[in-house]
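One structure is given below, encoded as structure tokens.
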Amino acid sequence: MSKIHFISLGCPRNLVDSEVMLGIVLQAGHEIAERVEDADFLVVNTCGFLEASRQEALATLEKLINNKKPQAKVIVAGCMVKDHQKKLFPDEVHYFLGSGDAESILEAITSEERGEKIGSVKSYLEAGEIPRTLSTPPHYAYLKIAEGCRKGCAYCSIPKIKGPLRSKPPEQILKEFRALLARGVQEIILIAQDLGDYGKDINTSLTSLLRELLKVEGNYWLRLLYLYPDEITDELIELIKNNPRICPYLDMPIQHINNDILKAMRRHTTGEEIKQVISRLRDQIPHIHIRTSLIVGFPGETQAHFNQLVDFIQKHPLNHVGIFTYSREEGTTAAKMDNQLPESVKKKREQRLAAVQKKIVHKLGKKMVGQEMDVVIEGYHPESKLLMIGRHSGQCPEIDGQVIINDGEKVTAFGQRYRVKITDVAGYDLVGIVLSKLKSKLPLPLLK
């Protein structure tokens with residue numbers, strides 16, 4: 001049997017596809033190679049959403065090709081394969097798999113000849129009893145409930161890459177949800193290109209799905225990623241408010257606040273409506289943490305438009321903000337627009353907005369000093385075993401700040417929740433001390 005090294009690039013949705021491929025090869029008896037130099041096959045699951053993502057994929061491939069053993073074979077999968085195959089070192093690649101063809105990984109490995117499997121379905125959704133091996137820490141996992149998108153934003157290439165909305169049947173989601181809980185997963189993060197559109201193609205809805213999931217007993221956290229402002233209904237707010245197992249956290253991409261820019265972006269909300277949604281969330285769920293993404297430098301964005309965006313985040317502070325410079329993606333409506341801005345202007349605006357947001361985060365963090373909250377302790381701090389790191393329910397893995405634990409004497413296991421008192425702020429992170437351990441099921445031993 002072969003040794004296989006996996007690299008997954010891009011978003012958590014890509015990671016789930018990589019975990020499926022990982023599960024399939026392990027079930028077939030192959031082994032995982034931790035080091036590139038030991039692998040017989042190297043699998044790279046690419047992301048093609050933005051130019052920066054594509055450059056990362058090309059750099060990763062080049063490095064692998066230069067460091068692999070001579071007889072090792074490279075397999076390239078994911079979003080870049082269909083439209084960018086000629087750039088992906090085709091003379092060095094053994095097999096290409098389209099973004100909807102994750103289940104064909106064994107075909108790629110066993111093929112004696114170079115080849116490809118690029119089906120008509122642009123995105124992958126598990127169905128039936130498909131093996132999946134989690135690559136996340138044991139206490140949390142992602143659950144993909146839909147693929148594709150029906151929005152058609154002017155700047156976005158996702159509908160072209162991933163195709164139209166395809167929702168996973170509720171019974172399949174429930175099966176996967178129960179399976180994750182049975183493995184000891186204590187935080188399940190629901191993901192899709194657009195959670196709020198879930199079920200619109202199969203005559204159901206996100207709130208209906210959440211109600212079914214919440215019928216499953218257990219002391220777990222449910223986290224919701226990628227919900228557009230027009231999908232934050234009173235029904236959803238009420239559901240989050242009244243169910244402590246749903247994290248008081250929403251990743252709600254708004255992209256901008258100026259109405260002219262929002263209209264040019266083909267967004268479905270106005271700036272006034274976005275502010276109203278934020279106010280409703282803060283009024284109904286005062287402790288909610290809101291994450292968003294903002295684009296600066298969109299075609300036609302004037303200094304006045306940008307100043308309005310700065311003013312907005314100062315008057316309507318958000319807990320977590322991802323700031324992106326506009327990327328001119330071929331095939332999108334925005335790529336053909338006039339008044340494209342220079343990269344230097346985009347970068348300057350990104351830096352200005354980031355500096356403002358950093359002050360906002362510090363101010364919000366200071367308000368939390370003295371509060372007690374439940375925190376999942378995830379491990380030692382990468383810089384010192386004298387410190388530990390964790391997250392409260394308002395912090396998502398990988399993308400948000402953390403809680404730095406400087407007094408962890410009462411921590412007996414990682415991956416478990418503890419009562420923590422916040423004592424200080426450190427940049428985007430909080431600092432705290434552990435007060436006590438909360439009731440837990442499956443402890444993960446401390447690493448020596």
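The values are calculated or read from the model by the stated rules, or taken from the named source; none is laboratory data. Note that this is a predicted model, so its numbers are computed, not measured. All Cβ positions, glycine included, derive from the backbone under ideal geometry; neighbour counts span all protein chains shown.
Could you grab me the full set of residues in the stretch 209-243 that are among the basic types (Lys, Arg) and more than 24 Å from Glu171 (Cα to Cα)?
Lys241, the sole residue that qualifies.
Hey, does the stretch 334-342 have a residue that's part of a helix (DSSP H, G or I), in contact with a Pro (Cβ under 7 Å, 6 or more places away or on another chain) and closer than 30 Å to Asp83 by Cα?
yes
Can you name every residue in the stretch 371-385 that is more than 13 Å from Ile433 (Cβ to Cβ) and either assigned to a strand (DSSP E or B) or among the β-branched types (Val, Ile, Thr) (or both)?
Keep residues of the stretch 371-385 that are more than 13 Å from Ile433 (Cβ to Cβ), which gives 374, 376, 378-385.
Answer for the stretch 371-385, where residues must be more than 13 Å from Ile433 (Cβ to Cβ) and either assigned to a strand (DSSP E or B) or among the β-branched types (Val, Ile, Thr) (or both): Asp374, Val376, Glu378, Gly379, Tyr380, His381, Ser384, Lys385.
Part of a helix (DSSP H, G or I) and not assigned by TED's automatic domain parsing to the domain that holds His94, is that true of Glu171?
Considered against the rule, which asks whether it is part of a helix (DSSP H, G or I) and not assigned by TED's automatic domain parsing to the domain that holds His94, Glu171 comes out as yes.
Could you list, in sequence order, all residues of the stretch 174-183 that are closer than 19 Å to Thr136 by Cα and surrounded by 15 or more Cβ atoms within 10 Å (Cβ to Cβ)?
Scanning the stretch 174-183 gives Glu176, Phe177, Leu180, Leu181.
Are any residues in the stretch 362-386 in contact (Cβ under 8 Å) with a residue 60 or more places away in the chain and more than 27 Å from Pro244 (Cα to Cα), and if so, which ones?
If the condition is that a residue be in contact (Cβ under 8 Å) with a residue 60 or more places away in the chain and more than 27 Å from Pro244 (Cα to Cα), then Tyr380 is the only one that fits.
Tell me which residues, restricted to the stretch 425-435, are at negative phi and not β-branched (Val, Ile, Thr).
Restricting attention to the stretch 425-435, the residues satisfying the condition of being at negative phi are 425-426, 428-435.
Correct list: Ala426, Tyr428, Asp429, Leu430, Gly432, Leu435.
Does at least one position in the stretch 312-325 carry a residue that is assigned by TED's automatic domain parsing to the domain that holds Ile189, over 23 Å from Ile399 (Cα atoms) and part of a loop (DSSP other than H, G, I, E, B)?
No, because not a single residue in the stretch 312-325 is assigned by TED's automatic domain parsing to the domain that holds Ile189, over 23 Å from Ile399 (Cα atoms) and part of a loop (DSSP other than H, G, I, E, B).
What number of residues in the stretch 248-266 are in contact with a Ser or Thr (Cβ under 8 Å, 6 or more places away or on another chain) and either under 25 Å from His289 (Cβ atoms) or of a type in the set (Gly, Ala, Ser) (or both)?
Adding up the residues that qualify gives 8.
Check every one of the helices (runs of 4 or more DSSP H) wholly within the stretch 205-281 and list those with 1 or more residues that are over 28 Å from Asn339 (Cβ atoms). First the steps, then the outcome.
Details: elements: 206-214, 234-242, 259-264.
Output list reads 206-214, 234-242.
Given (1) assigned by TED's automatic domain parsing to the domain that holds Ile288; (2) closer than 29 Å to Arg245 by Cα, where does Pro342 come up short, assuming only one miss?
All conditions pass for Pro342, except number (2).
It is to be established whether one or more residues within the stretch 285-299 are farther than 30 Å from Asn339 by Cβ, small (Gly, Ala, Ser) and either surrounded by fewer than 19 Cβ atoms within 10 Å (Cβ to Cβ) or not assigned by TED's automatic domain parsing to the domain that holds Pro342 (or both).
Within the stretch 285-299, none of the residues are farther than 30 Å from Asn339 by Cβ, small (Gly, Ala, Ser) and either surrounded by fewer than 19 Cβ atoms within 10 Å (Cβ to Cβ) or not assigned by TED's automatic domain parsing to the domain that holds Pro342 (or both).
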